[in-house]
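J.: This is the structure, below, for whatever I ask next.
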Amino acid sequence: MPSQTLLISRYFVKSGQADALATKLGENDASRIFTSLDESEVLELRALEANLELTALTTTTMSIAQKFSEYLVGDVRRELLDFVEAPKDIATLLPTTPYIQLRHVEVKPEAMDEYRQWREETIFDVVRNADEVQAFLAYHSVISGQPGVMFVSGFSADPESYNAVFSSDRYREIVQQAGDQYITGGSEGLYTKTYRALSHLTA
């Protein structure tokens, strides 16, 4: 079962330093490390314990930016997410696939209930019928500078084949519906980013 509470940390790195930082950060049973396809960012997904206290979280996160400052162009950006549902579930805390995609939208609060019903009949229907999508987890922000819905998608296919699922005529219509009815104005709350795992971290 996916982690109920997920911490996403984004490390924006100096040119050519993504793989080095990813290796330094390393992985364990509760975390996975990825690099963005444009190699400008390292992503950490961390499953948090249900009873983890804030002081313990602070101890493990506050010093990281200074510890790895030689690799970074800015501070670490973090957000805390709460699991909502999974149209493609997993048996582990985190997806184990070689690729991860974050799909983020900020939904109008007054439209959230209607949006959740709508996505069940549209977005989730597409996902359930796409073999390329191996995991698709829906979270919602608890603490974030960019609040909203976060889909964490895992896949093994090459990114071009995977992205074709979300570039069909039907999905373009779904995106148009979302923009017209549910998503807040502006582009700040809407983004899609793809990341890959380092093979030597997952071997």
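J.: Could you grab the pairs with beta carbons closer than 8 Å, sequence gap of 6+ or different chains, first residue in segment 137-153 and without any contact (Cβ under 8 Å) to a residue 60 or more places away in the chain, second one among the small types (Gly, Ala, Ser) and not in a strand (DSSP E or B)?
T.: These pairs meet every condition: His140/Gly148; Pro147/Gly189; Gly148/Gly189.
J.: Here's something else I'd like to know. Can you confirm whether Pro95 is part of a strand (DSSP E or B), of a type outside the set (S, T, N, Q) and closer than 14 Å to Gly154 by Cβ? Reasoning before the result, please.
T.: Working: part of a strand (DSSP E or B): no; of a type outside the set (S, T, N, Q): yes; closer than 14 Å to Gly154 by Cβ: yes.
When the stated conditions are applied, Pro95 does not pass them.
One line per residue, one yes/no per condition, for (1) touching a helix residue (DSSP H, G or I) at 6+ places or on another chain (Cβ under 8 Å); (2) within 16 Å of Phe136 (Cβ to Cβ):
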{"site": "Arg10", "(1), (2)": "no, no"}
{"site": "Val13", "(1), (2)": "yes, no"}
{"site": "Gly16", "(1), (2)": "no, no"}
{"site": "Glu44", "(1), (2)": "yes, no"}
{"site": "Leu54", "(1), (2)": "no, no"}
{"site": "Val73", "(1), (2)": "no, no"}
{"site": "Arg77", "(1), (2)": "no, no"}
{"site": "Ile100", "(1), (2)": "no, yes"}
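J.: Still on this structure: Given (1) closer than 24 Å to Ile33 by Cβ; (2) surrounded by 13 or more Cβ atoms within 10 Å (Cβ to Cβ); (3) not aromatic (Phe, Trp, Tyr), where does Ser199 come up short, assuming only one miss?
T.: Going through the list (1) closer than 24 Å to Ile33 by Cβ; (2) surrounded by 13 or more Cβ atoms within 10 Å (Cβ to Cβ); (3) not aromatic (Phe, Trp, Tyr), Ser199 breaks only (2).
J.: Now for a separate question. For Glu79, work out the one condition from (1) touching a strand residue (DSSP E or B) at 6+ places or on another chain (Cβ under 7 Å); (2) open to solvent by less than 20 Å² (accessible area, probe 1.4 Å); (3) free of Cβ contacts under 8 Å to residues at least 40 places away in the same chain it doesn't fulfil.
T.: (3)
J.: Is there a residue in segment 24-45 that is open to solvent by 20 Å² or more (accessible area, probe 1.4 Å) and part of a helix (DSSP H, G or I)?
T.: Scanning segment 24-45, I find at least one residue that is open to solvent by 20 Å² or more (accessible area, probe 1.4 Å) and part of a helix (DSSP H, G or I), so the answer is yes.
J.: Out of (1) of a type in the set (Lys, Arg); (2) under 21 Å from Thr35 (Cβ atoms); (3) touching a Pro at 6+ places or on another chain (Cβ under 6 Å), the odd one out for Lys193 is which?
T.: Every listed condition holds for Lys193 apart from (3).
The values are calculated or read from the model by the stated rules, or taken from the named source; none is laboratory data. None of the values given here were measured: they were computed from a predicted structure. Ideal geometry is used to build each Cβ from the backbone, glycine not excepted, and the neighbour counts take in all protein chains shown. What goes into the accessible areas is simple: the full protein's heavy atoms, side chains included, and nothing from ligands, DNA or RNA. Shrake-Rupley method; radii C 1.70, N 1.55, O 1.52, S 1.80 Å.
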